[in-house]
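The values are calculated or read from the model by the stated rules, or taken from the named source; none is laboratory data. All of these numbers come straight from a predicted model, not from anything done at the bench. We place every Cβ from the backbone using ideal geometry, glycine too, and count neighbours over all the protein chains shown. These accessible areas exclude ligands, DNA and RNA; they are computed on the full protein's heavy atoms, side chains included. Shrake-Rupley method; radii C 1.70, N 1.55, O 1.52, S 1.80 Å.
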Amino acid sequence: MIDEGYIAIIAPHTHWDRAWYLPFQSFRIKLVDMMDRLINIMEEEPEYRYFTLDGQTVVLEDYLQVRPEMKERLKKLIREGRLFVGPWYCLPDEFIVSAESIIRNLLLGHRIAKRFGKVMKVGYLPDIFGHISQMPQILNGFGIDNFIFTRGMGEEEDHLNTEFYWKGRDGASKVLAIYQISAYSNGAALGYEPEWGDLSNLKFDMKLAIKQLKEAVFKLKEKASTRYLLINNGSDHLEPQPELSSIIREANKRIKNPKFIHGNFIDYIRAVREENPPLRTVRGEFRKGKRYSILTGVLSSRMYLKQMNHSCQRLFEKWGEPFSAFAGFEGMEYPYRLLWQGWRYILKSHPHDDICGCSIDEVHKDMVYRYRQADTIGNDLTDRAIEHIISRINTENGFGEEAIPILVFNPLSWPRQDVIFGWLSLPESRELPPRFTIVDSHGSLLPHQRGERKSLFKGIGAQPFNLTELIIKPKSIPPLGYSLFYIIKEKSNAIKKSGLKISPRRLENQLYKIRIKSNGSLDVTCKELNRTYYGWNVFEDREDGGDSYDYSPIPNSITITSKGLKAKTRILERGPLRATLEVKLNMPTPRSLTKDRKRRSSVLVTCPITSYITIYDASPRIDITTKFTNQASDHRLRVLFPLNGIKADYSYSEGQFDVVKRPIDIPRVKGWAQLPSGTQPQQHFMDVSDTEVGVTLINEGLPEYEVLGTCHPERSERVRTEKNCAAIALTLLRCVGWLSREDLLTRQGGNAGPSIRTPDAQCQGDHTFHYAIFPHRGSWDEAKVYKKAYEFDLLCRIEYSRPHKGLLPNKLSFLSVHPDNVIISAVKKAEANDSLIVRLYNICPGSTTATLKIYQDIKEAHLVNFNEEPIESALKVSKKQVKV
């Protein structure tokens, strides 16, 4: 504790959730009222010096759609440095959304704030439910060297002050972290009760305001590293206090220490830096709940939203932006505005009350609408870009008029040599012959398989198109590029003998023997590893007495599994490249919780489960699609993959520009706001491995997993024996009926929000889940599991072309990078000029040198930050390539 006189900086602000326990339009009405009053206060009272608009810029758009005439008055306050906006477009949840979406969020926030006059360069994330390990590097990439936060601290709090340094995983990026130990509302509604809401009808009490300030100062002094204290005069949807100037004057009369000043977050950060105290440094994510709950159950609330979000992010990041950029090099106008319109729809669904699934039902119906708009924009822009690229390719052939040119596009930054599949759309005038061969431009045969067929009507007058799924195994599809092939009328196929074997309860390829047991689970023998995993794809259903924020068991817990069920199987697909078995189960499930919420109902409903188990020729990946019809309430459905003796202390899961190492054991703690949970976040994959073997579980938009230990028969808590990991659990659904409740066993301190019924959060109806399993030798990085994960998630596109002349060759990589542990996460046109932005990151431990190659000669290349500003002089270029 500092002995000398303190200075308390009072920073007025509001924390503005666009939608939560009220729909967006209801909160916008409140926003318009709040902004009208704020502008009037700041213009009429010069002593009311500063106000922060929650670090967001989307509120400017929301407000000005209703009050466009206020734009210049807003600009004036922002340019004068009195009203602070940005750096974000909106405050996102960090663990569920993609790394690239976080960058688009900051990029858009900076663009909007700059147009209004000034960007607040503060890493302001006051109420996010924990923080990712790479946030320091992301913030540094936008010239932000600080970070203000509330949630996520655990035992670190015991040895850290409220100011410390936080380093990113690269070891070089660093921010000054400001821990709001008394939350972001420690000076809210001074002189009023309650602390937040509409203050206009309440009576102001100066004595109460002075008392509140004294209490705030007392709590801050113990952990302060300097004589400066930060008091946040604001909270959720709170309006500015016109009395603030008089409160500060009166407080300075009645309280000798500290001195109170009307300031802002930048003032506070500058003051701490000028004092230059000795500060500790930490690394890694903040995902613990000692003082503030981190609400871990949001990873699986309303899972359909997570799936839609993942699909839209993938569409824009891997197709819409890069292929529009490539088409731009071939003469097409880059659709900046339309791409940003699609991103706006996506980003408006990224605040924690939205993407976390913890709002009223109407809010999440709005999200579904936004995702559908983004999906339409992204698909249409991708179609337009690929059609333009195809128009530039020479697709003429020497195989006759009946030959059908097709192009296979690869969105990944390495060559595709696995079995690929996609839908070929042909106009009604063209039809695949009953028997055909696929050849490359030199006439070499490709192994292929014909899949499902259907018709599609699209365009003016509902023109019919014939859709056929093609499964092919090319020698190589170039990275971020394409290959041209031809379908010709022949009888031969390149496959002389298939490595696939299938019967109603068995699947086999060159790497695996899979036996479907009577209960529908899988016993998988890995030929190369000489190891068998038993009981994969077992379904576990347990009650959920929680709410949209957190899972909770109940006092009389009952877990139901599919182990005792009888499965029906049939061969769905038998081919030389792909084989699929259908496994059907009917799972009797308690209808709901009892009225007292202490037991599961004795009334059972049947929930059908159908899994499609797919293997490919010589592929090390086992793909599973599961369809589930949910007819029950108040439960959590997971799928289990026993690890059969793998001994490990940690799991690894892909995060945002990182693969995060997390302990498997759950620590025992007392007195925390939220007890540690075994459930963890992931992006594309997670992995458990020991010194010899490992298992990677790959998912498509399913962000919650847990590594289970063995259960001690005499204790309810989970323990492990001899480091053996029992199973990986992947959450498929979590079904609850309340926004928030105060009777959870997993969260202390009562409600996380209002107690409002949310029937749609029970997720009734049909659901489809895609995931895959990859057993391997060695560690996750040695096995390059990330390649298998991205190949599962990012399918190639197969496109028809008319025969025509063109300048582009029959096979081309627009862009590639070597080695393959360097991931290309973004390809887009620059915001300020016609340059190409390529973002790279090394997914594996250790440093590496990357060689980036593009299909045209490079005039010049620069390293730029995430805000697309040069940070070094020009890099050395060798014609079409550059090394980093």
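Quick look at the values:
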quantity: Tally of residues being without any contact (Cβ under 8 Å) to a residue 12 or more places away in the chain and in a loop (DSSP other than H, G, I, E, B) across the stretch 257-277; calculated: 1
quantity: Residue list for the stretch 108-132, restricted to those being more than 17 Å from residue 265 (Cβ to Cβ), open to solvent by 10 Å² or more (accessible area, probe 1.4 Å) and not hydrophobic (A, V, I, L, M, F, W, C); calculated: 111, 114, 115, 117
quantity: Residue match in the stretch 380-395 (condition: in a strand (DSSP E or B) and more than 26 Å from residue 704 (Cα to Cα)); calculated: yes
quantity: Flag if residue 94 is open to solvent by less than 10 Å² (accessible area, probe 1.4 Å), within 30 Å of residue 294 (Cβ to Cβ) and not in a loop (DSSP other than H, G, I, E, B); calculated: no
quantity: Conditions (1) of a type in the set (A, V, I, L, M); (2) in a strand (DSSP E or B); (3) open to solvent by less than 30 Å² (accessible area, probe 1.4 Å); number of the one not met by residue 432; calculated: (2)
quantity: Unmet requirement for residue 269, which otherwise passes all of (1) closer than 25 Å to residue 176 by Cα; (2) surrounded by fewer than 18 Cβ atoms within 10 Å (Cβ to Cβ); (3) β-branched (Val, Ile, Thr); calculated: (2)
quantity: Evaluation of residue 617 against (1) in contact with a Phe, Trp or Tyr (Cβ under 9 Å, 6 or more places away or on another chain); (2) buried (at least 20 other Cβ atoms within 10 Å of the Cβ) (one fails), failing number; calculated: (1)
quantity: Residue count, the stretch 563-598 (criterion: open to solvent by less than 70 Å² (accessible area, probe 1.4 Å) and part of a strand (DSSP E or B)); calculated: 15
quantity: Residue match in the stretch 204-223 (condition: at pLDDT 95 or above, crowded, with 18+ Cβ neighbours inside 10 Å and under 35 Å from the mean Cα position of the chain (by Cα)); calculated: yes
quantity: Condition met for residue 70 (in a helix (DSSP H, G or I), over 25 Å from the mean Cα position of the chain (by Cα) and crowded, with 22+ Cβ neighbours inside 10 Å); calculated: no
quantity: From 392, 416, residue being open to solvent by less than 10 Å² (accessible area, probe 1.4 Å) and touching a strand residue (DSSP E or B) at 6+ places or on another chain (Cβ under 9 Å); calculated: 416
quantity: Residue selected from the stretch 532-551 under the condition open to solvent by 30 Å² or more (accessible area, probe 1.4 Å) and in contact with an Asp or Glu (Cβ under 9 Å, 6 or more places away or on another chain), by the criterion farthest from residue 303 (Cα to Cα); calculated: 532
quantity: The stretch 864-875 - residue that is touching a strand residue (DSSP E or B) at 6+ places or on another chain (Cβ under 9 Å) and at pLDDT below 95 and, of those, surrounded by the most Cβ atoms within 10 Å (Cβ to Cβ); calculated: 875
quantity: So residue 781, is it modelled with pLDDT of 95 or more, open to solvent by less than 20 Å² (accessible area, probe 1.4 Å) and among the acidic types (Asp, Glu); calculated: no
quantity: Residue identified as part of a strand (DSSP E or B), charged (D, E, K, R) and open to solvent by 20 Å² or more (accessible area, probe 1.4 Å) among 766, 760, 743; calculated: 766
quantity: Any hit, the stretch 713-724, residues being modelled with pLDDT under 95, of a type outside the set (Ser, Thr, Tyr), assigned to a strand (DSSP E or B) and farther than 24 Å from residue 528 by Cβ; calculated: yes
quantity: Hits in the stretch 676-709 (condition: touching a helix residue (DSSP H, G or I) at 6+ places or on another chain (Cβ under 6 Å), within 20 Å of residue 131 (Cα to Cα) and not in a loop (DSSP other than H, G, I, E, B)); calculated: 681, 685, 704
quantity: Options 803, 819; residue that is touching a Ser or Thr at 6+ places or on another chain (Cβ under 7 Å) and modelled with pLDDT under 95; calculated: 803
quantity: Filter result for residue 292 (of a type in the set (Phe, Trp, Tyr), surrounded by 15 or more Cβ atoms within 10 Å (Cβ to Cβ), modelled with pLDDT of 95 or more and part of a loop (DSSP other than H, G, I, E, B)); calculated: yes
quantity: Residue count for the stretch 208-255, restricted to those that are of a type in the set (D, E, K, R), part of a loop (DSSP other than H, G, I, E, B) and in contact with a strand residue (DSSP E or B) (Cβ under 7 Å, 6 or more places away or on another chain); calculated: 1
quantity: Top-ranked residue of the stretch 599-614 - restricted to ones that are free of Cβ contacts under 8 Å to residues at least 60 places away in the same chain and among the small types (Gly, Ala, Ser), ranked as least open to solvent (accessible area, probe 1.4 Å); calculated: 601
quantity: Residue match in the stretch 625-634 (condition: closer than 30 Å to residue 290 by Cα, surrounded by 20 or more Cβ atoms within 10 Å (Cβ to Cβ), touching a residue at least 40 places away in the same chain (Cβ under 8 Å) and not basic (Lys, Arg)); calculated: yes
quantity: Test: residue in the stretch 335-357 that is among the β-branched types (Val, Ile, Thr) and within 19 Å of the chain's Cα centre (by Cα); calculated: yes
quantity: Total residues in the stretch 97-119, condition among the charged types (D, E, K, R) and part of a loop (DSSP other than H, G, I, E, B); calculated: 1
quantity: Selection from the stretch 11-38 of residues that are among the aliphatic types (A, V, I, L, M) and either more than 27 Å from residue 180 (Cβ to Cβ) or touching a Gly at 6+ places or on another chain (Cβ under 8 Å) (or both); calculated: 11, 29, 32
